[in-house]
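Colleague: The following block contains the structure, expressed as structure tokens.
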Amino acid sequence: DAGVIQSPRHEVTEMGQEVTLRCKPISGHNSLFWYRQTMMRGLELLIYFNNNVPIDDSGMPEDRFSAKMPNASFSTLKIQPSEPRDSAVYFCASSFPGTGGGYTFGSGTRLTVV
Amino acid sequence: SQKIEQNSEALNIQEGKTATLTCNYTNYSPAYLQWYRQDPGRGPVFLLLIRENEKEKRKERLKVTFDTTLKQSLFHITASQPADSATYLCALTYSSASKIIFGSGTRLSIRP
């Protein structure tokens, strides 16, 4: 298995532009999570899905952020419009419920908004 | 709200010694407590999980303890090696289907 696959690996964009981050979870994993990591705030959960359904989006900072999971093998996190304070590393992770965790993380997308 | 505190931002120890990292939490105990390793530029990697009703879990040179009275977990690396240098994250889960909350991590450096 190739693990959790995220793209792009790096993204540099101008303030106000739309940014779309992509994630392919491990096949058979029913849960998918989007995290954001910064030096100041550490790893923060933005949203998670069980069986493609959003369960908790209380961590999504503002309406500028949205996430979708149209099928079991693909999810997107969109920021529109982007702002410099959105600069961070965004991680996607997946797991199989009932194991009590043991998330598998992707390599992350480093987003820089200038 | 639940808070997770990892004892220090950084820990430096001599190769061969045992490294001990601390994770403290407030309020109610989680169903599961986990430890992850993160290297620079990479995502966290799952190491060990310990359940609320377990006191200790081992995996090779790693050992995790869970004390629900003290609301604390200790993570030990015995016979530490420079390759163990990384940031170690403590994480809590309150049910098998719920989200994981991460601590801020402890950066461990093992000097030769």
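The values are calculated or read from the model by the stated rules, or taken from the named source; none is laboratory data. This one's a predicted model, so the numbers in the text were calculated from it and none came from an experiment. Here the Cβ is made from the backbone with ideal geometry for all residues, glycine too, and neighbour counts use every protein chain on show.
Colleague: Considering the stretch A:21-43 alone, what residues qualify as being surrounded by 12 or more Cβ atoms within 10 Å (Cβ to Cβ), of a type in the set (G, A, S) and within 24 Å of A:N71 (Cα to Cα)?
Modeller: Going through the stretch A:21-43, the residues surrounded by 12 or more Cβ atoms within 10 Å (Cβ to Cβ) turn out to be A:21-26, A:29-38, A:42-43.
Still in the running and of a type in the set (G, A, S): A:31, A:42.
Result: A:S31, single match.
Colleague: Quick check on my filter: what residues within the stretch B:58-84 are surrounded by 17 or more Cβ atoms within 10 Å (Cβ to Cβ) and either small (G, A, S) or within 14 Å of chain A (Cβ to nearest Cβ) (or both)?
Modeller: Within the stretch B:58-84, B:V64, B:F66, B:S73, B:S80 qualify.
Colleague: If you don't mind, there's one more thing I want to ask. In the stretch A:9-18, which residues are farther than 15 Å from A:T76 by Cβ and in a loop (DSSP other than H, G, I, E, B)? Quick ask: steps written out before the conclusion?
Modeller: Let us first name the residues in the stretch A:9-18 that are farther than 15 Å from A:T76 by Cβ, namely A:9-10, A:12-17.
The answer is A:R9, A:E14, A:M15, A:G16, A:Q17.
Colleague: Ok, one more. Quick check: is even one residue across the stretch A:8-20 on the phi > 0 side of the Ramachandran plot, within 11 Å of chain B (Cβ to nearest Cβ) and either surrounded by fewer than 19 Cβ atoms within 10 Å (Cβ to Cβ) or under 14 Å from the mean Cα position of the chain (by Cα) (or both)?
Modeller: Pass one, the stretch A:8-20, residues on the phi > 0 side of the Ramachandran plot: A:16.
This time we only want the ones that are within 11 Å of chain B (Cβ to nearest Cβ), so: none.
No: the stretch A:8-20 contains no residue that is on the phi > 0 side of the Ramachandran plot, within 11 Å of chain B (Cβ to nearest Cβ) and either surrounded by fewer than 19 Cβ atoms within 10 Å (Cβ to Cβ) or under 14 Å from the mean Cα position of the chain (by Cα) (or both).
Colleague: A further question on this structure: Answer yes or no: is there a residue in the stretch A:100-109 that is more than 9 Å from chain B (Cβ to nearest Cβ) and at pLDDT 95 or above. Spell out the reasoning first.
Modeller: Filtering the stretch A:100-109 for residues more than 9 Å from chain B (Cβ to nearest Cβ) gives A:109.
Checking the rest, the ones that are also at pLDDT 95 or above come to A:109.
Yes, the stretch A:100-109 has at least one match.
Colleague: Of (1) assigned to a strand (DSSP E or B); (2) within 14 Å of another protein chain (Cβ to nearest Cβ), A:K68 satisfies all except one. Which?
Modeller: Unmet for A:K68, out of (1) assigned to a strand (DSSP E or B); (2) within 14 Å of another protein chain (Cβ to nearest Cβ): (2).
Colleague: Do you know which of the residues in the stretch B:20-30 that are more than 14 Å from chain A (Cβ to nearest Cβ) and in a strand (DSSP E or B) is farthest from B:T93 (Cα to Cα)? First the steps, then the outcome.
Modeller: Let us first name the residues in the stretch B:20-30 that are more than 14 Å from chain A (Cβ to nearest Cβ), namely B:20-22, B:24-28.
If we keep only those that are in a strand (DSSP E or B) as well, we get B:20-22, B:24-25.
Numbers: B:T20: 22, B:L21: 19, B:T22: 17, B:N24: 14, B:Y25: 12 Å.
Per the criteria, the residue is B:T20.
Colleague: Still on this structure: Of the conditions (1) more than 16 Å from B:A91 (Cβ to Cβ); (2) more than 11 Å from the chain's Cα centre (by Cα); (3) of a type outside the set (D, E), B:Q2 clears all except one; give me its number.
Modeller: Of (1) more than 16 Å from B:A91 (Cβ to Cβ); (2) more than 11 Å from the chain's Cα centre (by Cα); (3) of a type outside the set (D, E), only one is false for B:Q2: (1).
Colleague: Filter the stretch B:71-112 for residues that are free of Cβ contacts under 8 Å to residues at least 40 places away in the same chain and not polar (S, T, N, Q) and give the result.
Modeller: B:A83, B:A97, B:K99
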